[in-house]
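The values are calculated or read from the model by the stated rules, or taken from the named source; none is laboratory data. On a predicted model such as this, the values are computed, not experimentally measured, just so you know. For neighbour counting, all protein chains shown are included, and Cβ atoms are generated from backbone atoms with ideal geometry for every residue, glycine included. What goes into the accessible areas is simple: the full protein's heavy atoms, side chains included, and nothing from ligands, DNA or RNA. Shrake-Rupley method; radii C 1.70, N 1.55, O 1.52, S 1.80 Å.
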Amino acid sequence: MARIALFAGSFDPFTRGHEAVVEEALRLFDEVVVAVGENVSKHSLLSVEERCRLIEEVYLGNNRVSVASYSTLTGDFARKVGATALVRGVRNTIDFEFERSIEATNRALYPDLTTVLLVTPAEYQHISSSVVRELLAFGRDVTDYLPRNIKIENYIK
């Protein structure tokens, strides 16, 4: 039986930090499902479909990574895809405190689902999707913040 992990987020856009978390998760799990959720409280740079396409491009040819969108509770979606673990990236203590509270809620609702917190490598800890969006808004180059084969201009309208 394959060990499947779900890595869920808004990924607007998917960054090198996200990519590093997926790579680390692949060391622990047979498959990783990158689940793109719509966060209605955030102003989106890319549509959910564009985010999925971007991530699929990053993992083209890697059959251990799949990409899907969802609009349910993350735990419900994890069960739907057969995941037994939720993978979360943690850059700092603020992320840790936030993820710890989410983990407690998920444990209460889905006791069979394990949350695995993976520390983002130091060289990517300053990268966040919101920083990338802000830099783009001011016309700055974000090449160093995105996976190597991604050209964000192909996705921005």
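Results, tabulated for the structure shown:
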quantity	calculated
Residues (in contact with a helix residue (DSSP H, G or I) (Cβ under 6 Å, 6 or more places away or on another chain), modelled with pLDDT of 95 or more and in a loop (DSSP other than H, G, I, E, B)) located in segment 14-51	Phe14, Thr15
Qualifying position, being within 15 Å of the chain's Cα centre (by Cα) and among the hydrophobic types (A, V, I, L, M, F, W, C), among Leu109, Leu135, Leu146	Leu146
Residue in segment 112-129 that is surrounded by the fewest Cβ atoms within 10 Å (Cβ to Cβ), counting only those that are under 17 Å from the mean Cα position of the chain (by Cα) and without any contact (Cβ under 8 Å) to a residue 60 or more places away in the chain	His126
Of all residues making up segment 52-111, the number that are within 18 Å of Glu24 (Cα to Cα) and part of a helix (DSSP H, G or I)	6
Some residue of segment 54-65 being touching a strand residue (DSSP E or B) at 6+ places or on another chain (Cβ under 6 Å), closer than 18 Å to Glu23 by Cβ and hydroxyl-bearing (Ser, Thr, Tyr)	yes
Members of segment 56-75 found to be open to solvent by 70 Å² or more (accessible area, probe 1.4 Å), charged (D, E, K, R) and over 13 Å from the mean Cα position of the chain (by Cα), listed by number	Arg64
